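Since the structure comes first, as structure tokens, the remarks are kept for the end.
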Amino acid sequence: MFARLAEHYRSVVEDLVMSLRALADGLQQQGIAATCYVCGDGRDGHGASFVADLGDGHMVRFLVSDYGINWVESRNGHELVKLEGAEAIQELERVAKALREDVISTVSLANRA
């Protein structure tokens, strides 16, 4: 049972890493400062560090590895929120969704002009 759970967690980490890379690429294309550094070789020890500047000194950092998953949000260098595990993933999804909605409304307004 534990071996199966460990493999499932590794799979979750790999999925998150791919999603973080895609999110960073998408944000960069929109002119938002975002980076995703990947570590490991795609198997054991795989993980990533995602950082995005949301403007006005507002930064988010999402770390994922075999050791855990966490989210840190800060403004002007002061930590505002730190979440781990499922809560960190939910917050990442919330921010990604909000950013996608901003892009859709911007494109919609540009098409009307």
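Observations on the model:
- Some residue of the stretch 16-35 being within 11 Å of the chain's Cα centre (by Cα), of a type in the set (Ser, Thr, Tyr) and not in a helix (DSSP H, G or I): yes
- Here residue 68 clears all of (1) crowded, with 17+ Cβ neighbours inside 10 Å; (2) in contact with a strand residue (DSSP E or B) (Cβ under 8 Å, 6 or more places away or on another chain) except the condition numbered (1).
- When 61, 10, 4 are checked against the criterion of being closer than 18 Å to residue 88 by Cα, of a type in the set (Lys, Arg) and at pLDDT 90 or above, 61 stands alone in meeting it.
- Of all residues in the stretch 41-53, those satisfying the criterion of being surrounded by 12 or more Cβ atoms within 10 Å (Cβ to Cβ) and in contact (Cβ under 8 Å) with a residue 24 or more places away in the chain are 46, 47, 48, 50, 52.
- Complete set of residues in the stretch 64-81 that are modelled with pLDDT of 95 or more and hydroxyl-bearing (Ser, Thr, Tyr): 74
- The set of residues in the stretch 31-40 that are at pLDDT below 90 and exposed (fewer than 14 other Cβ atoms within 10 Å of the Cβ) comprises 31, 39.
- Residue check for residue 100: surrounded by fewer than 16 Cβ atoms within 10 Å (Cβ to Cβ), at pLDDT 95 or above, out of contact with any Lys or Arg (no Cβ under 6 Å at 6 or more places or on another chain) and within 21 Å of residue 28 (Cα to Cα): no
The values are calculated or read from the model by the stated rules, or taken from the named source; none is laboratory data. Computed from a predicted structure; not experimentally measured. When we count neighbours, we look across all protein chains shown, and the Cβ atoms used for this are built from the backbone with ideal geometry, even at glycine.
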